[in-house]
Amino acid sequence: MIDLPSIRDETPGANCRIHLNNAGAGLMPRAVLDTMVDHLHREAQIGGYEAANEAGERHRAVYASVARLIGASPDEIALTENATAAWQMGFYAQTFRPGDRILTARAEYAANYVALLQVAARSGAVVEVIPDDAQGALDPAALERMIDPRVRLIAITWVPTNGGLINPAAAVGQIARRHGIPYLLDACQAVGQMRVDVGALGCDMLSATGRKFLRGPRGTGFLYVRRAFLENLHPAMIDHFGAPWTAPDRYTLRPDARRFETWENNYAAQLGLGAAVDYALAVGMEDIETRCRQLSGRLRTMLGAIPGATLHDLGAASIVTFSIAGRDPAAVKARLAEAGINVSVSAPSSTLLDAVARGLPEVVRASPHYYNTEAEIDALVDHCAR
């Protein structure tokens, strides 16, 4: 059971705004803020290198915390500056040849899709989209029919950016494992609002951010690489941390996922990420997921009752997208901001294939989290109905 009064008391921003933009960046708990500020003060007092050495044990514990969050081992985790960098590290470590097939989802995020297109243009590989089922989610049966010896990678987004869709990531993992195909899962908007178990998901690589539903600082993320898969990956770029220089004519890649890291890091931010993960684990991911479903369900039901409002969701994740007839989404966002309510606007270009297929306009995106209250949901709906 979530102790909502205590959690809100531990969230400084909860007293400043009605924050329903957690798919953009969640409000940090005080523990995260204090961890980062304390380390920055320490850097100022004794020096950056010295503060990092002093915090070495706590920094190593971040890997263990992230691993616990997703059911992995610490040596399978690399810390990165964001989810896109994490995804790119996993993706660009693959090799592709003419005729190789890369399979992805219709609702794939723009940053990922343009990378797929770039590599296809360079290598002669082809990008193919897995058809959706009748409900708008990736269809595992259609994926199974697409499998042949030329499929080199399956790369999908679990929870897309502009709606409640939850793609069947575990079903995709079963198919990928059965056929021995590498599987890269973008979990940027799943981690922090949903329970994650990489073993059950069957993914070889998983990327995520700290700033969204994990309630960590911006400029943080992580990459998971399954230990047995790691030996197949040579990072596209290396330095002497990920690949120590072991002889005048030779380097040796680290044996763990940190081969994807570089020597210089933002230690304050990474310690903050660890504090955010520990906070989420202490609250309990099962309770967090239940609360998110309750709040987003309430929001969908109430918005659906507003005359002229159209929901554009395809699922139950805590990302609710909608439009209101005759009202520009940017104007809706601005009006809500004047009332102290944070939302965002999602453009069709962020998931271009899905937007074209469904005729999506720009949409308002509201993403409640477990620290939000029912009264805050009601306030958003009341302002939209005016």
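Taking the criterion of being modelled with pLDDT of 95 or more and either over 12 Å from Gly202 (Cα atoms) or in the same structural domain as Gly297 (by TED's automatic domain parsing) (or both), the residues of segment 161-178 that qualify are Leu165, Ile166, Asn167. Restricting the search to helices (runs of 4 or more DSSP H) fully inside segment 33-94 and requiring at least 2 residues that are surrounded by 20 or more Cβ atoms within 10 Å (Cβ to Cβ) gives 56-70, 83-92. Any residue in segment 156-163 that is surrounded by fewer than 21 Cβ atoms within 10 Å (Cβ to Cβ), closer than 22 Å to Asn232 by Cβ and not aromatic (Phe, Trp, Tyr)? Taking every residue of segment 156-163 in turn, none turns out to be surrounded by fewer than 21 Cβ atoms within 10 Å (Cβ to Cβ), closer than 22 Å to Asn232 by Cβ and not aromatic (Phe, Trp, Tyr). Residues of segment 247-280 that are hydroxyl-bearing (Ser, Thr, Tyr) and either under 24 Å from the mean Cα position of the chain (by Cα) or part of a helix (DSSP H, G or I) (or both): Thr262, Tyr267, Tyr279. When segment 358-384 is filtered for residues that are under 15 Å from Ile341 (Cβ atoms) and charged (D, E, K, R), the ones remaining, listed by number, are Arg365, Glu374, Glu376, Asp378, Asp382.
Among the residues of segment 136-147, at least one is at pLDDT below 95 and more than 13 Å from the chain's Cα centre (by Cα).
Filtering segment 329-355 to residues that are charged (D, E, K, R) and touching a residue at least 12 places away in the same chain (Cβ under 8 Å) leaves Lys333, Arg335, Asp354.
Is at least one residue of segment 229-244 part of a helix (DSSP H, G or I), farther than 25 Å from Gly164 by Cα and among the acidic types (Asp, Glu)? Within segment 229-244 (the criterion being part of a helix (DSSP H, G or I), farther than 25 Å from Gly164 by Cα and among the acidic types (Asp, Glu)), the answer is no, since none of the residues qualifies.
On the given criteria, is Leu281 farther than 23 Å from Met194 by Cβ and in contact with a Ser or Thr (Cβ under 8 Å, 6 or more places away or on another chain)? No: the conditions fail for Leu281. The single residue among Tyr251, Tyr279 that is touching a residue at least 60 places away in the same chain (Cβ under 8 Å) and aromatic (Phe, Trp, Tyr) turns out to be Tyr279. Out of Asp256, Asp313, one residue alone is touching a strand residue (DSSP E or B) at 6+ places or on another chain (Cβ under 9 Å), surrounded by 16 or more Cβ atoms within 10 Å (Cβ to Cβ) and modelled with pLDDT under 95. It is Asp313. Condition check for Ala228 on (1) within 27 Å of Gly24 (Cβ to Cβ); (2) more than 21 Å from the chain's Cα centre (by Cα): one failure, at (1).
Restricting attention to segment 41-62, the residues that are closer than 12 Å to Gln270 by Cα and touching a residue at least 24 places away in the same chain (Cβ under 8 Å) total 6. Scanning segment 9-27 for residues that are among the polar types (S, T, N, Q) and surrounded by fewer than 19 Cβ atoms within 10 Å (Cβ to Cβ) gives a single hit, Asn15. Scanning segment 104-123 for residues that are more than 18 Å from the chain's Cα centre (by Cα) and of a type in the set (Ser, Thr, Tyr) returns a single hit, Ser123. The residues listed here are Asn53, Asn15; of these, the one that is within 28 Å of Lys333 (Cβ to Cβ) and of a type in the set (S, T, N, Q) is Asn15. On the given criteria, is Gly219 in contact with an Asp or Glu (Cβ under 6 Å, 6 or more places away or on another chain), under 21 Å from His19 (Cα atoms) and either modelled with pLDDT of 95 or more or not in a helix (DSSP H, G or I) (or both)? So Gly219 fits the description; yes. Filtering Pro329, Pro368 for residues that are more than 19 Å from the chain's Cα centre (by Cα) and surrounded by 18 or more Cβ atoms within 10 Å (Cβ to Cβ) leaves a single hit, Pro329.
The values are calculated or read from the model by the stated rules, or taken from the named source; none is laboratory data. This one's a predicted model, so the numbers in the text were calculated from it and none came from an experiment. Cβ sites come from the backbone with ideal geometry, for glycine too, and all protein chains shown count toward neighbours.
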